[in-house]
Every structure is written in structure tokens, then in C-alpha cells.
Amino acid sequence: MHHLAGQFLVSMPKLRGSVFGESVIYLWAHDEEGAQGLVVNHPFDLSLGELMRQLQVPAADDLEGPVVVGGPVEPQQGFILHTDDIRVDGSEPAGDADAEGRGLTISYSREMLELIAARRGPDRFLLALGYAGWGAGQLEQELSDSVWLTAPSSHDILFEVPFEQRLHRVAEGLGIDWGLLVADGGRA
């Protein structure tokens, strides 16, 4: 089986109107037991500072950083996808290194939230609430049903590109004009 950890999934138009409509998902784990990923292009409607307050982590109100709705599983839980320059207990490898050799790590802990709140966190990070999960064989089935396209991931898309441009940028990288694909209802 081809493991897709470290890749993007792009939802096909047939998922429009569902929880995963118009989604780019970064898969941080994929094996025989299933897959886990974060939706990386649906911004959460609170600022990072406000979200930290809700999670009861002391933070400056003007604390900035990308916050997304990561998926429907455990929506109250923070998942931090970040460069591996800083790790804490429980941080797990989550994908390939960029050109500078920095790999990606996923952290779930309050300790990482506190480091970010104190502006001592990793160089680049994305804070997600909730995640997307698939059981054993489920993602493979959905891929064979053409529910998702797979695409190489990029740190720039994960951390820098404005949320509303991410889907188009990933599609562009695959040589697909997203606007045309959607207009055509996704019939290839």
C-alpha cells in the first residue's frame, strides 16, 4: 500500500456541501490502521489570541497566527502542525522536510500552546481545532472512488499562502484549473 503521509488531499466537487467540501487536507499519518489529517484552508473565526483565551492559555490579545478548522473529530482539541525546530513531549513527526531541511511535526499539548502564546514557539505553525480521521481502508476506498486527488504538499501553502488561495494553488500544482473543474461539476 502506498502511504500518503506528508501529502495533500484535495476534495473533488462531489464532496461539495459536505463537511469536506472545497477542502485541502494535509495528511500527517497514514498506515494500515487508517489516516489522520488536518483541513488547512478553512479559517477559524477567532484570532489566535482569542482562541488561546478560550483554551485558557495566557496570551497577548494581539497574538497572531493561522487558525483553521482542522476537521470534525475532536473539535475542542488543538492540533499544532509546525516546523520541527521546537518539540515537546508527545510531538510526533508529521511529514517531509522543506528545502531548508526542516521537517514537520504535529503536537497536541498545552505545553506547545503555551510556547506559542509566549512567542517562543516554532518558526512556522498552523493551529487547527479538530482533525479529519479515516478508519482502516477507508481512505483507500475513497481514493478509488475519486473523492480525493492527492498532491505534493508544500510548507509555503501550509504556512504562508492566504487561506482562500490554497485550494487553487494546490490544484494549479497538479495542472488543474479549479474554477473549470468546479464549473464542470467534476466530470473528468
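For I116, I176, write out the residues from largest to smallest accessible area, computed with a 1.4 angstrom probe and no ligands counted. It would help to have the intermediate numbers written out before the result.
Details: I116 10, I176 50 Å².
Result, largest first: I176, I116.
How about segment 86-188: which GluC sites (Glu not before Pro) there lie in a loop by DSSP and see at most 13 other Cβ atoms within 10 Å?
On the way: sites: E100, E111, E114, E140, E142, E160, E164, E172; in loops: E100, E160.
Taking segment 86-188 and a limit of 13 other Cβ atoms within 10 Å, the loop GluC sites (Glu not before Pro) found are E100, E160.
Output the relative contact order of the chain, whole-number percent, from Cα pairs under 8 angstrom with separation of 6+ residues. Don't skip to the answer; put the middle values down first.
Values: 381 pairs, mean separation 51.6, N = 188.
Taking the mean separation of contacting Cα pairs over the length of the chain, I get 27 percent.
Relative contact order for segment 31-138 using alpha-carbon pairs under 8 Å, separation at least 6, rounded to a whole percent?
40
Please check: in the Gaussian network model of the chain (C-alpha springs, under 10 Å), which one of S47, S107, S146 has the largest mean-square fluctuation.
Checking each option, the largest mean-square fluctuation is seen for S146.
Please check which bits of segment 13-44 a label hung off S146 would reach, taking the label as a point 7 Å along Cα-to-C-beta and the cut-off as backbone N under 12 Å.
Inside the label zone: 13-14.
Would you mind estimating how fast segment 1-97 diffuses translationally, via Stokes-Einstein at 25 °C and 0.890 mPa s with the Kirkwood radius over Cα pairs, in µm²/s? Numbers along the way, then the final one.
Numbers: Rh = 15.1 Å.
Estimated via Stokes-Einstein, D reaches 163 µm²/s.
Over all distinct alpha-carbon pairs, what is the Kirkwood Rh of segment 53-151 in angstrom?
About 14.9 Å, per the Kirkwood formula over Cα pairs.
Take the solvent-accessible surface of the protein heavy atoms, probe 1.4 Å, and return the percent of it on the chain that carbon and sulfur atoms account for. Mind showing how you got there, number by number?
Details: 4440 of 9130 Å².
Taking all protein chains in place, the chain shows 49 percent carbon and sulfur surface.
Treating only the Cα positions of segment 107-150 as identical point scatterers, give the base-10 log of I(q)/I(0) from the Debye formula at each q in 0.27, 0.29 Å⁻¹.
For segment 107-150, the Cα-only Debye profile gives -0.94, -1.04.
Based on the Cβ-Cβ distance of Q54 and E33, what FRET efficiency does E = 1/(1 + (r/R0)^6) give at R0 = 25 Å, to the nearest 0.05?
Numbers: r = 32 Å, r/R0 = 1.26.
That gives a FRET efficiency of 0.20.
By accessible area of protein heavy atoms, probe 1.4 Å, what ranking do Y26, Y131, Y108 get, highest first?
On the way: Y26 0, Y131 40, Y108 70 Å².
Most to least solvent-accessible, the answer reads Y108, Y131, Y26.
Return the single residue from A94, A136, A29 with maximal mean-square fluctuation; model: Gaussian network over the chain, springs between Cα atoms under 10 Å.
Sorting by GNM fluctuation, first place goes to A136.
Compute the label zone of D96 within segment 138-169: residues whose backbone N is under 12 Å from the point 7 Å along Cα-to-Cβ.
151-155
May I ask you to compute the full-extension gain from Q165 to V73, defined as 0.36 nm times their residue separation minus their alpha-carbon distance, rounded to one decimal in nm?
On the way: separation 92, 0.36 × 92 = 33.12 nm, distance 2.46 nm.
Contour length minus the Cα-Cα distance gives 30.7 nm.
Find, to one decimal place in angstroms, the Kirkwood hydrodynamic radius of the chain, where the mean of 1/r is taken over every pair of different Cα atoms and then inverted. The partial results should precede the final answer.
Working: mean 1/r = 0.0593 Å⁻¹.
Answer for the chain: a Kirkwood hydrodynamic radius of 16.9 Å.
The values are calculated or read from the model by the stated rules, or taken from the named source; none is laboratory data. As the structure is a computational prediction, the values presented were derived from the model and not from experiment. Note: ideal-geometry Cβ built from the backbone for every residue, glycine included; neighbour counts use all protein chains shown. For accessibility, only protein heavy atoms count, side chains too; no ligands or nucleic acids. Shrake-Rupley method; radii C 1.70, N 1.55, O 1.52, S 1.80 Å.
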